């Protein structure tokens, strides 16, 4: 019963639509009706500004981290913390507070990794930062970073976490279908920094 309750808590943590709540509470705007309509960090950053975007990113990461640490908080050792993290990812993607819609699971998945393996989280964060700067596209950076960090996990010999990484990588690509199409068409949304953005500004 304790495990079931904690899994529900993990899902509810993940379900917190930080982009929606911050937008409405502090900016009196509905992020779902702005830009791409996504409630995650990137769209919040573009539409509500840097401060709002950073706050959403931190909250979405912490959702995955706290959920992953729940079994440690309650002295549960016979269930993998990854399961609790996955419930948070599920909640973030299909939020009960947002009509079972949600974000694309990037930040919350990273938060889950932070709760399990902080060093690998730092590697993932570095990959995301580097490829975002090179491409000016968070979507492309995420789709490159997830396979790379999964390969790195498998290289460490953690095949259970590696299998989860493969599943999440596939999931991330599925969630980014519209972004892939926009990248192919050359009209993907850019963040206001990075090499590609600077190149376009010079034209």
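All of the numbers you see were taken from the coordinates with simple rules; none came from a lab. All values derive from a computational prediction rather than experimental measurement. When we count neighbours, we look across all protein chains shown, and the Cβ atoms used for this are built from the backbone with ideal geometry, even at glycine.
Some notes on this structure:
- Placing dummy labels 7 Å off each Cα toward the beta-carbon, the span from residue 100 to residue 167 is 2.0 nm.
- Counting every other Cβ atom within 10 Å of each residue's Cβ, 117, 176 order from fewest to most as 117, 176.
- Residue 155-residue 75 pseudo-label distance in nm [points 7 Å out on the Cα-to-Cβ vector]: 4.0
- Think of it as helices only: each DSSP H run of n ≥ 4 in the chain is worth -39500 (n - 2.57), and spread over all residues that comes to -23500 deg cm²/dmol at 222 nm.
- The range 1-116: C-alpha gyration tensor shape, a/c 1.5 cut-off, then a/b vs b/c: prolate
- Here the extension length gained between residue 126 and residue 197 equals 23.6 nm, from 0.36 nm per residue of separation less the Cα-Cα distance.
- Each of 143, 1 has some number of other Cβ atoms within 10 Å of its Cβ, and from fewest to most they run 1, 143.
- Tensor-based shape of the range 76-127 (alpha-carbon gyration tensor, a/c under 1.5 rounded, otherwise prolate or oblate): oblate
- log₁₀ of I(q)/I(0) at q = 0.27 Å⁻¹ - the range 46-110, Debye sum with one point per alpha carbon: -1.10
- Legend: ranking of residues 30, 60, 158 from fewest to most surrounding C-beta atoms inside 10 Å; resulting order 30, 158, 60.
- Part-to-part distance (alpha-carbon centres) for the range 146-203 and the range 2-61, which is given in Å: 20
- Our summary of shape: the Cα atoms of the range 118-203 have principal axis extents of 47, 25, 15 Å, ordered from largest down, in whole angstrom.
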